[in-house]
Amino acid sequence: MTSCDKDCDKKRWDSSQLRKYDLGLEPIPRYHYQDPKVDELIKKNQPVLITGSKLVESALQKWSLEYLEKNLGKSGYTVYLSRNHKFKYFDEKKMLTKTNQKGVEFTPISKRVDMKVSDFMKRLKEWKRGEERIYLQQPLNSTVGPSIVEDYMKFDWPFVTSKKTKHNWGELTSNVLFISMEGNVTPCHYDEQQNLFAQIHGYKRCILFSPDQFEYLYPHPVYHPHDRQSMVDFERPDYARFPKFRNVRGVETVIEPGDVLYIPKYWWHHVESLMRGGPTITVNFWYKGGPTTLEYPLMDHQKVSIMRNVEKMLLEVLQDPKEVGPLLRSMVIGRYTEQ
Ligand code: OGA
Ligand code: FE
């Protein structure tokens, strides 16, 4: 991956700002938004970096940290705190608590709090090495102030709506606003929705893997709070436990303000704000998958969805997560395996 085109005048970032992983990666194709290749790739559920669109133009110049602090509104925002740079998402509904006896015993390494934007910004500005890191991740809702509403209305809705229509996506479910410290990492996971990931400020490196890489990435069981997340720590892969991770193949890119990355549903993604690059701001556009008909051969994401349903069904009838593995083993080993 090159950090800069040959004739660009200003070096925007360099490879020393990327975290180091032992991964086989190729570049994600990038095309101008008017290039027909964009829709060809989206049609095939393939990632593409879309350049030159005006999707979030109304926010590009305006949405500085100061402007957002002034205009987001006074209500509480969802902020994650982490003792290291990794913010591995966890589903609180799947955690064992006093009120939730069905969950899994588990202590998350990050925590979720409600914070006023002004407190978040203060912590961001005053943050010192060794302190907990912070990451704001909040769907935009009706509590934002009138200026943000106006900017939001000026997003290029015809552009995204034409993608939705052309590719038969379902409804827009949310626009999550991400405000990150430099160096923060969202570890590898997949979502079940189509995502147009629009960069507003700063640089993010995105590493993606196709749904066919399922067995190389070892997702947590579906009932686990880390459902949809890879169990592999990219920085210190436990190859004894996850031997196939050595052979995982992915694609990557670094997005900059104005870029829109299409992350197809069920595609794995790891996202990192570049080190020493300052805070980053992103807004995503999450669309439901739309109706699916089963056509054969099945697509890889459909197989992942089938596996999720089998796992859910087994848990439902067995009632105890501990019984799912042993049942699957006795069903499969020696009968559906070579040995
Ligand atoms: C997403 C996502 C993570 C990030 O938009 O689905 O995982 O750190 N984003 O931006
Ligand atoms: Fe995601």
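Tabulated values for the structure
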quantity	calculated
The listed residue being charged (D, E, K, R) and touching a Phe, Trp or Tyr at 6+ places or on another chain (Cβ under 9 Å), out of 308, 329, 236, 241	241
Those residues of the range 161-184 which are in contact with a Pro (Cβ under 8 Å, 6 or more places away or on another chain) and either away from ligand 1 (no atom under 12 Å from the Cβ) or closer than 15 Å to residue 40 by Cα (or both), in sequence order	168, 170, 182
Given (1) surrounded by fewer than 16 Cβ atoms within 10 Å (Cβ to Cβ); (2) within 30 Å of residue 242 (Cβ to Cβ); (3) touching a strand residue (DSSP E or B) at 6+ places or on another chain (Cβ under 9 Å), index of the condition residue 15 fails	(3)
Residue tally, condition more than 19 Å from residue 165 (Cβ to Cβ) and part of a helix (DSSP H, G or I), over the range 38-59	3
Any strands (runs of 3 or more DSSP E) falling wholly within the range 168-212 and containing at least 1 residues that are open to solvent by less than 20 Å² (accessible area, probe 1.4 Å), within 12 Å of ligand 2 (Cβ to nearest atom) and more than 21 Å from residue 23 (Cβ to Cβ)	176-180, 194-201
Selection status of residue 50, within 16 Å of ligand 1 (Cβ to nearest atom), open to solvent by less than 60 Å² (accessible area, probe 1.4 Å) and in contact (Cβ under 8 Å) with a residue 60 or more places away in the chain	yes
Which listed residue, of 119, 151, is among the acidic types (Asp, Glu), open to solvent by less than 40 Å² (accessible area, probe 1.4 Å) and assigned to a helix (DSSP H, G or I)	151
Close pairs from the range 282-295: first free of Cβ contacts under 8 Å to residues at least 24 places away in the same chain, partner more than 16 Å from ligand 2 (Cβ to nearest atom) and of a type in the set (Gly, Ala, Ser), Cβ under 9 Å, at least 6 apart	292/305
Flag for residue 271 being among the β-branched types (Val, Ile, Thr), in contact (Cβ under 8 Å) with a residue 24 or more places away in the chain and in contact with a Leu (Cβ under 8 Å, 6 or more places away or on another chain)	no
Top-ranked residue in the range 262-313 [being more than 17 Å from the chain's Cα centre (by Cα) and of a type in the set (S, T, N, Q); ranked as nearest to ligand 2 (Cβ to nearest atom)]	305
The one condition in (1) within 14 Å of ligand 2 (Cβ to nearest atom); (2) touching a residue at least 40 places away in the same chain (Cβ under 8 Å) that residue 251 fails to fulfil	(1)
Selection status of residue 113, modelled with pLDDT of 95 or more, under 19 Å from residue 175 (Cα atoms) and of a type in the set (Val, Ile, Thr)	no
Top-ranked residue of the range 185-233 - restricted to ones that are in contact with a strand residue (DSSP E or B) (Cβ under 6 Å, 6 or more places away or on another chain) and of a type in the set (Val, Ile, Thr), ranked as nearest to ligand 1 (Cβ to nearest atom)	186
Lone qualifier among 62, 102 - being of a type in the set (Lys, Arg), over 23 Å from the mean Cα position of the chain (by Cα) and closer than 27 Å to residue 220 by Cα	102
Out of 96, 140, 124, sole residue that is over 21 Å from residue 200 (Cα atoms) and out of contact with any Lys or Arg (no Cβ under 7 Å at 6 or more places or on another chain)	96
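Matching residues to (1) among the hydroxyl-bearing types (Ser, Thr, Tyr); (2) in a helix (DSSP H, G or I); (3) at pLDDT 95 or above; (4) surrounded by 14 or more Cβ atoms within 10 Å (Cβ to Cβ):
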site	(1), (2), (3), (4)
62	no, no, yes, yes
68	no, yes, yes, yes
73	no, no, no, yes
80	yes, no, yes, yes
93	no, yes, no, no
98	no, no, no, no
101	no, no, no, no
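The values are calculated or read from the model by the stated rules, or taken from the named source; none is laboratory data. On a predicted model such as this, the values are computed, not experimentally measured, just so you know. Here Cβ is always computed from backbone atoms with ideal geometry, including for glycine, and neighbour counts include all displayed protein chains. When the accessible area is computed, the model is the full protein with side chains, heavy atoms only, and any ligands, DNA or RNA have been set aside. Shrake-Rupley method; radii C 1.70, N 1.55, O 1.52, S 1.80 Å.
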